[in-house]
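The values are calculated or read from the model by the stated rules, or taken from the named source; none is laboratory data. Everything numeric in this text was worked out from a predicted model, so none of it was measured. As a convention, Cβ positions derive from the backbone with ideal geometry for all residues, glycine included, and neighbour counts pool all protein chains shown. Just so you know, the surface numbers come from the protein's heavy atoms only, side chains and all, with ligands and any DNA or RNA stripped out. Shrake-Rupley method; radii C 1.70, N 1.55, O 1.52, S 1.80 Å.
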Amino acid sequence: MRAPTAASVEKPTEGIATIGHFIGGREVYDPSGGFGDVWNPALGVRSGRVSFAKQPDVDAAVAAAKDAFPAWSETPPARRATILFAFREALCARTEHLAALITAEHGKTLEDAKGEVVRGIEVVEFACAIPQLLKGEYTENIGRNIDGFTVRHPLGVCAGITPFNFPAMVPMWMFPIAIACGNTFVLKPSEKDPSLSLELARMLVRCGAPAGVLNVINGSKEAVSALLDHPDIKAVSFVGSTPVAQFVYTRGTAAGKRVQALGGAKNHLVVMPDADLDQATDAIVGAAYGSAGERCMAISVVVTVGDEVADRLIPRLKGKLSALRVGDPTQAGTEMGPLVTGDHRERVRSYIDVGEREGATVVIDGRRHPSNAAPGFFLGPTLLDRVQPEMRVYREEIFGPVLSIVRAKTPQEALTFVNDHEFGNGVAIFTRDGDAARWFNHHVQAGMVGINVPIPVPMAFHSFGGWKRSLFGDHHIHGPEGVRFYTRLKSTTVTWPSSIRTGSSFTMPTM
Ligand code: NAD
């Protein structure tokens, strides 16, 4: 094992919490790259500072992962699975603790944070089946007395770069499957809520993972660029906004790496005239304002088919939103917490100004919500009506508690709105009509579709991913696509000397 980095120092003891890196099985702190602020969004106070990795830190993490790879990749899959079983047990036992860490740095409610941990655990459970998932294919007699078989090999050192909005689940979309396949991993979580990833790395080591199998480096663009250019990294998984996803995909593939880069979203929910509007209202409120709209699968646009649907839906939404419990995310019963940072809150608030200037009707104005007076980064729920496709509030991802209503005249026009949008992550339709649902599902340009289901996130044993500018790369994430992404095929053809000898052949072999 190489020493982590010459610049590493022991954790400073005074002042606010300092969050470092986890390299080769131990925590290291390197002040040379500077620090970023970590906030408690519900209190609006700075709770810590996170080290920003520089090239030597990235080199040290990749070296630790590279050193761990030979032994880890030769460890039988069933043995690797036992470590993941232990990790799963530890995650279940510590769900409350992990949720509290998430809430403290992200601001989502504790119940929501627990749900996120559970969705991450489901991926670990999937990865526990790795001996089954890595089984190859075997064909006897592909030619006379010749057999052929195909197996999957790990790639080497893989990297993951993750966003702030799911600090537990998104890293767990990646590293459990990557390491179950025999790879080693370097994770670069969001600098806004970095503590959870370090905790996961500590837990994995305690569950028996050798040092270097999972490393965590913190930081921002410099750390990401160093990962993308590093010759010893074979594959990069990214989840975040579209401009960064495109950058990561372009730079990573130019450096010869396999890259899957999941980007931003503008998820539409189409309400047909025959929909159960009470059911749709409940679904919309949860999907648009849960986690303060900071979900890549949040519903941010409702498309009503016909004015009458909009006119019947809006009073129902107003009723629900006026009763929405916004406040302390650690309190039971809170339905919506703050936004992640003060800067992000201002960005989201400015979109409401933009929408108003562009001519949208502000039906409910989050800028005037009583929760805004609290010291945290709160912004009340906002509902905009008569949003037009050319408006910025329609075209751009806001990533906050702002829902737009767009009025379509026909189902075809609703479908065209969805398909013409640059993003194609998730989409939903609410209807009682099976024909309409089938028609929509077949023609819609999105990677994940819900029929009377507002947030159609696939389970861990399926794969997650969008279309269009919501995904750069060939593979969706986790599930069977994750196993394909983190492995490469080897196909072997075999015969034995006792087989019939035919002498040299100078033509393409055929049966
Ligand atoms: P982000 O793109 O700002 O950051 C994502 C990661 O990239 C972070 O680790 C960050 O440190 C790094 N990064 C940021 N700017 C960079 C730059 N210029 N160069 C290199 N690296 C950079 O995203 P975010 O604000 O943390 O997360 C919210 C975004 O993520 C939203 O757009 C949301 O839709 C998206 N998201 C998508 C999915 C999905 O599955 N498609 C899931 C979750 C979140």
Just one listed residue, out of Ala168, Ala226, Ala255, Ala211, is more than 13 Å from the chain's Cα centre (by Cα) and open to solvent by less than 10 Å² (accessible area, probe 1.4 Å), and it is Ala226
Of the numbered conditions (1) within 17 Å of Gln412 (Cα to Cα); (2) surrounded by fewer than 24 Cβ atoms within 10 Å (Cβ to Cβ), Thr304 fails exactly one; give the number of that condition. (2)
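Residue check: is Ser491 touching a Ser or Thr at 6+ places or on another chain (Cβ under 8 Å), within 22 Å of Gly148 (Cβ to Cβ) and not acidic (Asp, Glu)?
Numbers: touching a Ser or Thr at 6+ places or on another chain (Cβ under 8 Å): yes; within 22 Å of Gly148 (Cβ to Cβ): yes; not acidic (Asp, Glu): yes.
In short, yes.
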Taking segment 149-172 and keeping residues within 12 Å of the ligand (Cβ to nearest atom) and in contact with a strand residue (DSSP E or B) (Cβ under 7 Å, 6 or more places away or on another chain) leaves Ala159, Gly160, Ile161, Thr162, Pro163, Val170, Pro171
Is it the case that some residue within segment 159-168 is more than 18 Å from Leu98 (Cβ to Cβ) and modelled with pLDDT of 95 or more? yes
Restricted to segment 172-189 and to residues being part of a strand (DSSP E or B) and of a type in the set (A, V, I, L, M), the residue farthest from the chain's Cα centre (by Cα) is Val186
Checked against (1) assigned to a loop (DSSP other than H, G, I, E, B); (2) buried (at least 16 other Cβ atoms within 10 Å of the Cβ); (3) basic (Lys, Arg), Arg152 satisfies every condition except (1)
Considering residues that are of a type outside the set (A, V, I, L, M), within 11 Å of the ligand (Cβ to nearest atom) and either closer than 17 Å to Val170 by Cβ or part of a loop (DSSP other than H, G, I, E, B) (or both), the number found within segment 215-250 is 8
Within segment 258-276, which residues are over 21 Å from Val393 (Cα atoms) and either within 15 Å of the ligand (Cβ to nearest atom) or over 18 Å from the mean Cα position of the chain (by Cα) (or both)? Val259, Gln260, Ala261, Leu262, Met272, Pro273, Asp274, Ala275, Asp276
In segment 217-260, anything in contact (Cβ under 8 Å) with a residue 12 or more places away in the chain and among the basic types (Lys, Arg) is listed as Lys234, Arg251, Lys257, Arg258
Considering residues that are outside any helix (DSSP H, G or I) and open to solvent by less than 10 Å² (accessible area, probe 1.4 Å), the number found within segment 191-208 is 2
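From the list Gly465, Gly424, Gly473, which one is within 24 Å of Val393 (Cβ to Cβ), within 16 Å of the ligand (Cβ to nearest atom) and open to solvent by less than 40 Å² (accessible area, probe 1.4 Å)?
Values: Gly465 fails: within 24 Å of Val393 (Cβ to Cβ); Gly473 fails: within 24 Å of Val393 (Cβ to Cβ).
When all the criteria are applied, what remains is Gly424.
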May I ask you to list the residues in segment 279-288 that are open to solvent by 10 Å² or more (accessible area, probe 1.4 Å) and in contact with a Lys or Arg (Cβ under 7 Å, 6 or more places away or on another chain)? Val285
Just to verify a result, which residue in segment 350-363, among those that are surrounded by fewer than 19 Cβ atoms within 10 Å (Cβ to Cβ) and not β-branched (Val, Ile, Thr), is nearest to Ser241 (Cα to Cα)? Ser350
Close pairs (8 angstrom Cβ cut-off, 6 or more residues apart or separate chains): modelled with pLDDT of 80 or more in segment 492-505, among the hydrophobic types (A, V, I, L, M, F, W, C) anywhere: Thr492/Phe149; Thr492/Val151; Thr493/Ile142; Thr493/Ile146; Val494/Ile146; Val494/Phe149; Thr495/Ile146
Might you let me know whether segment 263-274 holds any residue that is open to solvent by 10 Å² or more (accessible area, probe 1.4 Å), in contact with a strand residue (DSSP E or B) (Cβ under 7 Å, 6 or more places away or on another chain) and closer than 18 Å to Ala65 by Cα? no
For Met297: the one exception among (1) closer than 20 Å to Arg407 by Cβ; (2) within 16 Å of the ligand (Cβ to nearest atom): (1)
